[in-house]
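Reviewing the structure listed below.
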Amino acid sequence: MITNKLVEALVEAAGKPRSTAYKTVVVLVGASLFLIIIPFLLLLASYGIEEYFLTHRFRILQIIVALLSLAFGFFLMVWSFVPLVRTGKGTPVPVAPSQKLIVDGPYRICRNPMLLGVIIYFLGIGTIVDSITIGFIMSCLILLIGTCYSKFIEEKELRMRFGLEYEEYREKTTFLIPRF
């Protein structure tokens with residue numbers, strides 16, 4: 001299956017030592033992808049879907065929601081990024097991943113805090129650019145894409161790399177919605 005081959009390739013890539021320059025480049029590419037390119041593509045897709053919903057009402061409230069979503073989503077992404085680099089000596093990019101399973105910081109409250117931050121951030125982008133409907137659609141689309149990636153690829157790769165340590169972490173920590 002194609003997902004198994006991708007998982008195997010990611011596990012192989014994870015075992016390779018990476019230079020600081022390589023990690024910097026993949027983080028910049030990954031950040032560009034997740035902070036600019038994917039939101040733009042989802043924004044375009046969301047415009048087509050939005051025609052079926054009410055739009056452009058209560059704009060000031062939407063701007064407040066957008067700004068709060070952008071700030072909180074970005075904070076959660078940065079908070080999730082820091083332990084991957086500091087403790088894990090890696091990045092969130094699959095070809096230069098953390099060399100250690102990170103289970104503290106935001107990873108204490110859910111296994112995918114960065115995805116949660118991205119979902120909230122995309123809500124803000126769609127809302128500030130157009131409407132809360134577009135923001136909601138973008139969030140739903142990235143939730144679907146991120147969940148599929150996590151379930152079909154990332155979790156398999158983490159099982160292969162970290163084995164029992166990951167299984168124990170997975171059993172006691174929720175997937176996405178934080179448990180306090």
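The table for this structure:
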{"quantity": "Selection within region 116-144 - in contact (Cβ under 8 Å) with a residue 40 or more places away in the chain and aromatic (Phe, Trp, Tyr)", "calculated": "121, 122"}
{"quantity": "Every residue from region 131-146 that is at pLDDT 95 or above and either outside any helix (DSSP H, G or I) or exposed (fewer than 15 other Cβ atoms within 10 Å of the Cβ) (or both)", "calculated": "144, 145"}
{"quantity": "Residue match in region 108-124 (condition: among the aliphatic types (A, V, I, L, M) and over 30 Å from residue 60 (Cα atoms))", "calculated": "yes"}
{"quantity": "Matching residues, region 13-59, being more than 22 Å from the chain's Cα centre (by Cα), hydrophobic (A, V, I, L, M, F, W, C) and at pLDDT 90 or above", "calculated": "21"}
{"quantity": "Hey, residue 80 under 25 Å from residue 126 (Cα atoms) and among the polar types (S, T, N, Q) or not", "calculated": "yes"}
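Matching residues to (1) surrounded by fewer than 20 Cβ atoms within 10 Å (Cβ to Cβ); (2) among the aliphatic types (A, V, I, L, M):
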site: 105; (1), (2): yes, no
site: 129; (1), (2): yes, yes
site: 151; (1), (2): yes, no
site: 157; (1), (2): no, no
site: 164; (1), (2): yes, yes
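The values are calculated or read from the model by the stated rules, or taken from the named source; none is laboratory data. Every value quoted in this text rests on a predicted model; they were computed, and no experiment measured them. Positions of Cβ are backbone-derived with ideal geometry, glycine not excepted, and every protein chain shown enters the neighbour counts.
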